[in-house]
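The values are calculated or read from the model by the stated rules, or taken from the named source; none is laboratory data. This one's a predicted model, so the numbers in the text were calculated from it and none came from an experiment. Ideal geometry is used to build each Cβ from the backbone, glycine not excepted, and the neighbour counts take in all protein chains shown. Remember, those area values only see protein heavy atoms, side chains included, never the ligands or the DNA or RNA. Shrake-Rupley method; radii C 1.70, N 1.55, O 1.52, S 1.80 Å.
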Amino acid sequence: MKLRWLILCAVFLLVAAPPTRAQNERTLAGEWIMVSSPINGENFSRLGNSLGFPDRDMVFSQEGVLRNGVVLREDVGANVRPLGSWRVMGNRFSAAFQLWCPNANGPCGSVIMRGQFLSDDTVKGTMTVFFDQPDEGRPTGYDTWVFSFHGNRKVGGSN
């Protein structure tokens, strides 16, 4: 009976213990060029919304447990920096960003990125944009647009 109890305790400790961080855990920290591509030829959402040109310069940082992201929008102004956050789980990552809204009458929304590392400096995945415009034809109830992306860490852009 004691042996069974010891085995159960050992199994519980192994299962309940927080995972240790591997020395080679992947990170998004650094500067990346993300290039998006339409899926099924959809260059715009059903309601005609788009994110503009396909290349985005993105900077991800990590200070302790705080993981931030910034999209550099030189195309619209040096001070336009949509903010986001990110996480990595093994070989996969996700990030969420608030869209920049140039005027109160235009669509705002958010972008969700889900992807995987192909190497320490290369990623791929899909992005879903949720525009703040009602669209009853979508399961979300909002105008959405899904596209694929691939990204490369900029040389000298790693932390």
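A 1.4 Å probe over all protein chains sorts 31, 25 by accessible area into 25, 31, starting with the largest.
For residue 83, the solvent-accessible surface computed with a 1.4 Å probe is close to 110 Å², ligands and nucleic acids excluded. The residue list 117, 129, 101 was ranked by how far each Cα lies along the charge dipole of region 83-159 toward its positive end, using unit charges on Cβ atoms, and 117 comes out on top.
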